[in-house]
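Undergrad: Here's a structure for you.
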Amino acid sequence: MSTSSQLLAFRVRGKWFACDLLWVREIVRRPFVTPVDRAPSVVRGLVHLRGQILTALDLNVRLGLETGGPDSAERCVVFKTAAELARLSPPPPDAEQAGADPVGLIVDEIGDILPRPETLLPPPPESLSGLSQDCIAGMLPRAGDLVTVLSPGPVLAPPSKSEV
């Protein structure tokens, strides 16, 4: 990935995450999320966005973290589709993993736009952190805390059998 790319930081249930800003289409304030019966647990519901329906994912379920607590939907980070990413020059790494339909992540708070360092700290072992390693690009130290940098392709991929 280019060192000139930037990261969008956001918080979910007290934990800071970030993802490559090139993957982000827009941020929706206080989306109305419609639950879907018999949907996989990773799917929080559907969001109607200017005549388009997008799937809203629960990041905690995707990463294998605890899912207790309030289900607020303060913001929805909407990601670009494969076609939108393909139009970028050059497209971001793993752009082929993006789907044809729009997908969003429900988050509690949007943070800063961060410069992406040349190298990231490796993620903690899955046995210690509980984080699904295929979704994590690395860790970024920030103001006495660590930000988990996500790999958008695996995070936005369709739910696996274990998440259904």
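Undergrad: Which ones in the stretch 27-57 are over 28 Å from LEU7 (Cβ atoms) and aliphatic (A, V, I, L, M)?
TA: Answer for the stretch 27-57, where residues must be over 28 Å from LEU7 (Cβ atoms) and aliphatic (A, V, I, L, M): VAL36, ALA39.
Undergrad: Only one of these is aliphatic (A, V, I, L, M), modelled with pLDDT of 90 or more and surrounded by fewer than 21 Cβ atoms within 10 Å (Cβ to Cβ): ALA56, ALA82. Name it.
TA: The conditions single out ALA82.
Undergrad: Ok, one more. Give, as residue ranges, the strands (runs of 3 or more DSSP E) completely inside the stretch 25-117 that count at least 2 residues that are in contact with a Ser or Thr (Cβ under 6 Å, 6 or more places away or on another chain) and in contact (Cβ under 8 Å) with a residue 12 or more places away in the chain.
TA: Because the criterion is at least 2 residues that are in contact with a Ser or Thr (Cβ under 6 Å, 6 or more places away or on another chain) and in contact (Cβ under 8 Å) with a residue 12 or more places away in the chain, the strands (runs of 3 or more DSSP E) in the stretch 25-117 that meet it are 43-49.
Undergrad: Here's a follow-up. Can you tell me how many residues within the stretch 95-114 are surrounded by fewer than 18 Cβ atoms within 10 Å (Cβ to Cβ) and closer than 16 Å to SER151 by Cα?
TA: The total comes to 4.
Undergrad: So which residues in the stretch 118-155 are in contact with an Asp or Glu (Cβ under 7 Å, 6 or more places away or on another chain) and part of a helix (DSSP H, G or I), if there are any at all?
TA: Scanning the stretch 118-155 gives GLN133, PRO152, GLY153, PRO154.
The values are calculated or read from the model by the stated rules, or taken from the named source; none is laboratory data. Source: prediction; values computed, not measured. Reconstructed Cβ throughout: ideal geometry from the backbone, glycine too, with neighbour counts over all protein chains shown.
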